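Here is the structure we will look at.
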Amino acid sequence: MSLPIAGVTGAGSGIGAAIARMLGKRGFHVIVTDIDLMAAQKVASEIANAEALQLDVSKPDACNALVASIVEKHQRLDVWVSNAGISKMQRFVDISPSDLARNFEINTYGVFYCGQAAAKAMIKLGTPGRIVNTASMAAKQGRVPFLADYVASKFAVLGLTQAMAFELAPHGIRVNSVCPGFVATPMQTRELAWEAELRGTSSESVKEMWIKDTPLGRLETPEDVAKVVGFLVSDDAEFLTGESISVNGGAYMD
Ligand SMILES: NC(=O)c1ccc[n+]([C@@H]2O[C@H](COP(=O)([O-])OP(=O)(O)OC[C@H]3O[C@@H](n4cnc5c(N)ncnc54)[C@H](O)[C@@H]3O)[C@@H](O)[C@H]2O)c1
């Protein structure tokens, strides 16, 4: 019997890499995808059963072609995690139309394109697949500084998750989101520098502020998020769909 197949986007770094490693440990053959092929290859090389493929999630034809190539090679697709995302901190009044567009192309359209390609394949294969989208704490509250375009793009992911879950339920496909908080990744390092500059303070003091804002009293790790994704794709979550699970140490409770 062949291993179950799981695809992860933006898996060359941070949260996506942790999700890929977690899925590998749980017995999946992991398709580690990223716009940065070398980063994906490095992560795949650390996983027992994995392969790396280049994917820019903002390109619908590329998403369809990549999923088709997985199905052609493995004849199955069990799990899809749409995790790739970008951020750029700036004041709402300074966000350009092109920054806004790029944000939506990756954070929202990318989740749509990949989810659509994965769902089409799962339906064709008759697989009761599981899809997980990485949203954010900023998908549930707009009280987030300097990330208006990101907030809008992530709120959209929550609506999309529900619509996908509703339409795909008759096919036995479950769709959920995870909403991380302040996760220590390269994205966070960039955000610490931006926020420090915008507030006229240091990265260290922004970091302290974020930790103070987190009742469980530390920054989140990529593994904290990966464990919840592991739960969502497991049979323990077999009656769970359309949900957006906060995993943020209590930084935002809803
Ligand atoms: N770090 C946090 O605090 C945090 C909090 C909430 C949500 N998130 C979300 O988690 C996800 C992962 O973030 P991270 O912190 O690991 O960031 P990261 O920057 O460390 O990793 C993101 C990865 O996505 C890849 N990527 C960028 N554009 C892409 C594209 N067009 N197509 C495919 N891959 C692309 C990058 O190459 C990178 O490897 C994102 O969706 C992010 O919005 C992060």
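We did not get these values from a lab; they are worked out from the coordinates using the rules stated. What you see is a predicted model, and the numbers here were worked out from it, not measured in a lab. Note that we place each Cβ from the backbone using ideal geometry, even for glycine, and neighbour counts take in every protein chain shown.
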For this session: Select from segment 2-15 the residues that are assigned to a loop (DSSP other than H, G, I, E, B) and away from the ligand (no atom under 15 Å from the Cβ) and write down the one among them that is surrounded by the most Cβ atoms within 10 Å (Cβ to Cβ).
Result: PRO4
Seminar exercise, completed: Counting only residues in segment 166-212 that are within 12 Å of the ligand (Cβ to nearest atom) and loosely packed, with under 14 Cβ neighbours inside 10 Å, the one farthest from the chain's Cα centre (by Cα) is identified as THR189
Problem set entry | Some residue of segment 125-140 being part of a helix (DSSP H, G or I) and more than 10 Å from the ligand (Cβ to nearest atom) | yes
Seminar exercise, completed: Expected output for segment 200-211 (first residue more than 18 Å from GLN90 (Cα to Cα), partner surrounded by fewer than 15 Cβ atoms within 10 Å (Cβ to Cβ) and of a type outside the set (S, T, N, Q), Cβ below 7 Å, 6+ apart or cross-chain) is ILE211/GLY217; ILE211/ARG218
For this session: Might you let me know whether segment 154-163 holds any residue that is more than 15 Å from the ligand (Cβ to nearest atom), small (Gly, Ala, Ser) and either buried (at least 20 other Cβ atoms within 10 Å of the Cβ) or within 19 Å of the chain's Cα centre (by Cα) (or both)?
Result: yes
Exercise. Taking into account only those residues within segment 183-224 that are in contact with a Pro (Cβ under 9 Å, 6 or more places away or on another chain) and assigned to a helix (DSSP H, G or I), which is farthest from SER87 (Cα to Cα)?
Worked result: ASP224
For this session: Would you list the strands (runs of 3 or more DSSP E) that sit entirely within segment 16-95 and hold 3 or more residues that are more than 25 Å from ALA138 (Cβ to Cβ)?
Result: 29-34, 50-54
For this session: Residue by residue through segment 161-182, note down the ones that are out of contact with any helix residue (DSSP H, G or I) (no Cβ under 6 Å at 6 or more places or on another chain) and touching a residue at least 40 places away in the same chain (Cβ under 8 Å).
Result: THR161, GLN162, ALA165, PHE166, ALA169, GLY172, ARG174
